[in-house]
Each structure stands twice: as structure tokens, then as C-alpha cells.
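Worksheet for the structure shown next.
The values are calculated or read from the model by the stated rules, or taken from the named source; none is laboratory data. In this text the structure is predicted, and so the values were computed from the model without any measurement. No Cβ is skipped: glycine too gets one built from the backbone with ideal geometry, and neighbour counts run over all protein chains shown. Calculation scope for accessible area: heavy atoms of the full protein, side chains included, ligands and nucleic acids excluded. Shrake-Rupley method; radii C 1.70, N 1.55, O 1.52, S 1.80 Å.
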Amino acid sequence: MGIFVTDQQMIFHLQTKQTSYIMAVKNNKYLAHVYWGKRIQSPDISHVLLMRGTCFDVMEPTEKEGEETCSLDYLRQEYPTGGDGDYRIPALEVTYADGSRSCPLHYKGYRLIEGKTAPKGLPAVYAGESEAQTLEIRLEDEDRGLQVYLLYSVIEERDTIIRSVRLENHGKEDVRIQKIMSACVDFEQSDMDMICLPGAWGRERHIERAALRHGEFRIGSSRGASSHQMNPFLAVMEPCADEVHGNVYGMNLVYSGNFTAGIEVDQLSQARFYMGMGDDSFSWLLEPGEEFAAPEVVMVHSAQGLGGLSRIYHRLYRKNLIRGRYRDEVRPVLVNNWEATYFNFNEEKIVSLAKEAAGLGIDLLVLDDGWFGKRNDDTTSLGDWYANTEKLPNGIQGLAAKVEEEGVKFGLWVEPEMVSVDSELYRKHPDWCLHVDGRRRSECRNQLTLDLSRNDVCDWLIETIHSILDSAPISYIKWDMNRHMSNAGSALLPAKRQKEVPHRYMLGLYRVLEEITAAHPDVLFESCSGGGGRFDPGMLYYMPQTWTSDDTDPVERLFIQYGTSLVYPVSAMGAHVSAAPNHQSGRVTSLKMRGDVAMSGTFGYELDLNAFTEEEKEEVREQIREYKKIRPLVTGGDMYRLASPFEGNRAAWMFVSENKMEFYFAYFRIQAKVNPSITRVRLQGLLPEAVYQWEETGDCYRGDELMEIGLVMDVSGDYQSITAHFICKKE
Ligand code: GLA
């Protein structure tokens, strides 16, 4: 049981294994936030909530004599709106038909639901009926008939609370939604830091931490994708919190499109923390009788610092978000031809890669961009999804058969959401792309975005992808998306609904992905958006792995993979060994360093296998053998980050099996230093009494020694790595 309701005092206490989240209804009408943090035993701590006002505040009217009153600007509201005396950022902002924005929401009732609910048409965390419980609280603006349902699903064992919101218009007039947060939490104190994951193409999810200040700190995306530039994750934490200690509170949006999130510190140094939809490009018209569901926010509190927070997210996403066969099955080691050939390949070249791959122990060959229409560079053919027979005379079917004959599975790249101006599809359907009538259609990488807010375009896409998948033995799909939205208008929507296009696009895309993945359960899907431009829980719901970044330089990847691991499990991170000098950075690193970095991910190669020397081939065979041995640990174990590349000239992490009988450790030194001080790395998450043996050296250590004293990292030269596999000999 994770939800306790004390009917008399109107207190809602949500409990996970280690967390409590408490709300109370005050004066029979205000739903207030009481507490979020370490688990509290007492069912009623509503007295901690203070109802007051300060000088110059708009006070709420009382209904009974002697009733406590307050200012909404002071009250820690569970779901605040604007226009009625709370001057902070609202969680919900609407405009009514008469132009007014005042929207007082009063508590009306609640309902308990066994299991986990999901917002209609959107990706969602899932759980069995006995695993989760959901609280639905109804608020209402009585005057206008606007009902607001706040949903809280508690997965006790996973230590998570998942929030979402649904609006229903029971009034007689239209309501325009300007902003709808899925979660909003008012903290009494703002003596905290915030942490987020900004980036750019090739530099995704770098960690940024800063102290909160008065005023607003806001993150978001209005690019039509969750984006490289800012991940839909935001956390606040005690200033003293680190990887191991301290309270951390995270929010992560299960959505792949535009979003907004932020923290506002008010006049009384309280902090309002929110996440949802409502960037400048958003607005949604809710007609009488209609409803609107906002995406889920996964809320995690950890009292064990950032490391604890990450492990909770990882376990949840591995088991209650990622679906299908590859949730539990090991992922294949693959080779992708992109950095090996770019557009310059033919059947012979690809088959020769497959032959080499089989000899090295690689399981799957992926044919990337350039196999369709007339595509020999990025100027043409997106939308014309039939094989380029000049390059592939036997089509995809013939090629896939030949690849399989060599002993490896076949995978294919597609970029289905796009259309090239130079394509048969565009010539036939010029109105199928996002555009604004009479305006220039701005291209990016010579392409336009298909209008997935349209049902007919989505239907065409579903059929097209089905027929590719049915035409040949395809075991894997890399689903790419290589531009952000501009001129985001649709030919089919009326003027008053044009600002709905980015969200309608996402609903269309999710329908397409649902139908395709459901119809092809044995295909492994990997999402990609110019690398990690859509690395979010929304995409992970459909596709169990994401190409982490187009930047394959192992040193750069230390930062990207470390930052990504703050929220997302390593099993979701595509990581490949590429050529030296690296194609993005020009840096030269050893095959060992490149392999060791990529092994902390879903492993593969992205280079010309035929260019390897015999010696290198032997090293690659050994890498693959090693990876297959440690793969269950890396992709299913608990990750402990030990040293951050953002804080020094090195990085280290480890993966521990659930029973703590085995672990894999990886250390990376970036630049050489002459006459350096001794570097020791202290491990985490082990049994103190247990004796662990380093498989490669045979050396034995007790768990407490490894955790309290640590291992000496003795390396010389730039870009060095040490990896170690330990097995418990004695408990
Ligand atoms: C994107 C992807 C790359 C590759 C190219 C092909 O940039 O991130 O991995 O597939 O497209 O055009």
C-alpha cells in the first residue's frame, strides 16, 4: 500500500520504500503541498504547513468566522494558477472565452485506482496492478466548469511517484490552455542547488550545477524535439549533496517534444519547482466536452545523493518503461557503416563488412543512410523509401539475405519523419510537410519535416515502414530524425489551432511508433536524432536504446555518457568504437581506450573493419569476448559513478550485480601529468566483508578495503584506461 488518505483531516500521504509525499486540503478547498522527501512514518504532519500572508498580500476570503486564512502567494499550493493573487509562475494558465485568466481551482474529491494509469496517446511508465496504486484528485473552477484531475501513481518498490494532469472542459465555452505543468512542487526553502543537462549537437547532456537565486531559472525546448540543447530533466538538491550523500529531487518528462521546466525563488525564499508543457509556441483549444492529457513527470527523491537518484531512474526505466523483447534480452554487438563509408557504398562493400564482422564476433550489421531513392548525399530522396538499385542491385531483400549468409543479422537506417525537397514524395504531396501558406519553407540539412499532425500522413508512414520491414529479414531499425521544426504550421488545421501543431505532431509520431513497434516485436529499434537529440523517456518507451551522440571521440564521450547516466541507464546508450583520428575531433586514441569507453554502453563499431591490421583484429575479437562477458553487469547492474570528468582529469564508474557478487570497474585518465600525485579510486556499493578477486590479475581484496581505501590507478600517457572484472570469492 503506497497511498494513505486520512479522510477527516483530508491528508494524502504517498509512500514509497524510502520517500514520502504529503498533501493536505485546507479550508475544504485549497489543495496544499506539505512535504516531499525522506519517508515519514507519521500519517499526519499537516501542521507543518503554515497558512499566512504578509504585508501587501491579497488575502483569501474566509467562509466561517474564525477560519484560518492566507494569501495564495504564500501558500504552498499543489497546483497553482495565475490571476488570483499568487504572483509566482502558475502550473496552469488558461484563457477563457471572455479573455479572462483568473482560474481559482478548488478541491472537489479524490479516487484511488489500483495499478498505474497512463495519459491517453502518450508514452508512460507501466506497472502491474499489484505493483502500483494511483491517486486521482479532482480540482475545479466551478464558475467555468473546468475540471482538473491530478494523477499520482506510486510505485513503492521502485521509489518513484509519477505525476500527470488531465483537463476536462465541462463548461459551455472554449478554454485556451497556454501552459500546463504535469508536476509542480513548492518547497519551503530555497537554500538549494539546481542541476540540469544542457548541450548541443555532438555535446549532449553535459552536467551543469548552480545555486538557486531569487527570480526564475527556466529550461525548455521549442524546437519540436526534446533536443540536444536541453534534456527534459531538472533536479534540485541540498548544497552539500554529492554522488553519495544528501537530498536530491528530480523531475524527468516522459515526452519527446517541446517542454518547459523551471524553479522560481520568491520573495519569502520559497522555491517553486515545475515541469510540463507551455513553451512560447504552445497553446491548445479545449472545446466544451473535450479533454486534454499532459505527459507524465517521473519524480524521484533520493537521500543518497545523485548516485542514489540515478540508480532509481535506471531501474525504473529498465523495467517499467522500456518494453518488448529487448527489455530483458541482451542487445547485439553491431557494426554500423556510417563512419566507415558515409554515402559511398555498394552491395559488395557492405557484404565485405558483414564477412569481416562475422569473423570478429559481431552479431549485426547496420546499413545507415544512403540506400534509398537517388540518395548519394544529403540533398535528396528522404520520403522515397525504396532501394537505390545502382548501389544495391538486389535491393534490401537481396542484401539482407547476403549479409545473413555471412553469419550476421541485418539492420537498416530510416529517417521516416522527413522529406527532401528533391524527392518524388514532395513533388506528389507538397502540402504534407510542416509549412505556413505563402511563406518560404525553411530547410535544414536540405529537408523539411513531414506533418505528422495529419492522420493521412501518419497512415502513409505506418504502411511504408511496415512494407520495408515485411520485405526483408530486418532485425534492427535505426530511427533517425535530423532537423528541428520551423514554420510549424499544418495545411489541415484551422487558424485557431495552428499552435497545437508541435504537440499534435508528437501524438501522431507516438501513434506511428506504437503501431510499428507492436507489429514487429522481434525488431530491435534504436532511436536517433543527429545523435542524442531525442534522448528522453518518451522515445525509450518505444525504442529500448538511443544513439547517444554523433560525437564518437572517446574523451568527449566520457562527458556525454557520464552526463547521460544521471538519468538514463547505460543499457539505453548506443556507444561505438570509431576510427582514429576521430572524425569529429581529429583526436588519436588507442583502440583500447575507444573500446573501454564504448563498453560502458550498448556496444558496437562504426568504422571500416577491413582497414584493421591482423593485430587489431585480434584485439577487437578480445574486446567483443570481454564485452559479452560483462554485458549483463553493464546493462543490468547498478551503476556507481566514482569520478566525474567534469571535475578533473579523469572519469571512473562501476556496475555491480544485484546480489553484489560481481562487478565491473572502468577508469579513464584524460591527460598525462609528469610526477603526479597518487590516484586512488574508492569503490562503492559492495559487501564490506566479501572478498573480491580481480579476474585478470588474480589479486583479492575485501569489499571494505575497496570502498574505504580504494584502488591505485597507475597509468602513463594521454587517454589511458583501466578496466577490471571482479568476482566475489567469499562472503
Ligand atoms: C545522423 C545520425 C548519424 C547518421 C547520419 C546519416 O546524423 O546521427 O548517426 O545516421 O544521420 O545521415
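Taking the three principal axes of the alpha carbon atoms in the range 579-636, the coordinate ranges are 33, 26, 15 Å, sorted in descending order. Pairs spanning more than 19 Å between alpha-carbon atoms, out of K116/K478; K120/K496; K26/K172; K29/K108; K319/K628; K592/K629: K116/K478; K120/K496; K26/K172; K319/K628. Taken as Cα centroids, the range 241-264 and the range 404-427 sit 36 Å apart, rounded to the nearest whole angstrom.
Distance between the modelled labels on V58 and A200, one decimal in nanometres: 4.3 nm (7 Å Cα→Cβ projection).
With each label modelled as a point 7 angstrom along the Cα→C-beta vector, the T613-V244 pair spans 4.3 nm.
Write down the accessible area per residue of the range 394-482 in Å², having rolled a 1.4 Å probe over the full set of protein chains.
On the way: 3590 Å² over 89 residues.
Heavy-atom SASA per residue in the range 394-482 reads 40 Å².
Each residue of the range 306-311 was assigned a 3J(HN,Hα) from its phi angle through the Karplus expression (A = 6.51, B = -1.76, C = 1.60, θ = phi - 60°), giving 5, x, x, 4, 4, 5 Hz with x at Gly and Pro. Inter-part distance, the range 17-54 to the range 468-499, computed on C-alpha centroids, equals 44 Å. Rolled with a 1.4 Å probe across the full set of protein chains, the surface gives E348 an accessible area near 140 Å².
Along the range 371-383, what does the Karplus equation 6.51 cos²θ - 1.76 cosθ + 1.60 (θ = phi - 60°) give for ³J(HN,Hα), rounded to whole Hz, x for Gly and Pro? In residue order, the calculated couplings are 9, 10, x, 10, 7, 10, 7, 8, 8, 8, 6, 4, x Hz. Look at where the Cα atoms of the range 182-238 and of the range 127-144 average out, and the two centres are 27 Å apart.
Hey, what did the range 341-463 get for relative contact order, percent, Cα under 8 Å, at least 6 apart?
Normalised by residue count, the contact order of the range 341-463 is 25 percent.
Note on the chain: the alpha carbon radius of gyration divided by the globular reference 2.2 N^0.38 Å gives 0.99.
Over all directions, the average projected area of the alpha-carbon convex hull for the range 453-500 comes to how many nm²?
Its Cα hull, projected and averaged over all orientations, spans 4.5 nm².
Apolar share of the accessible surface for the chain: 47 percent from carbon plus sulfur atoms, 1.4 Å probe.
Only Cα pairs under 8 Å and 6+ residues apart enter the sum, and on that basis the relative contact order of the chain stands at 10 percent.
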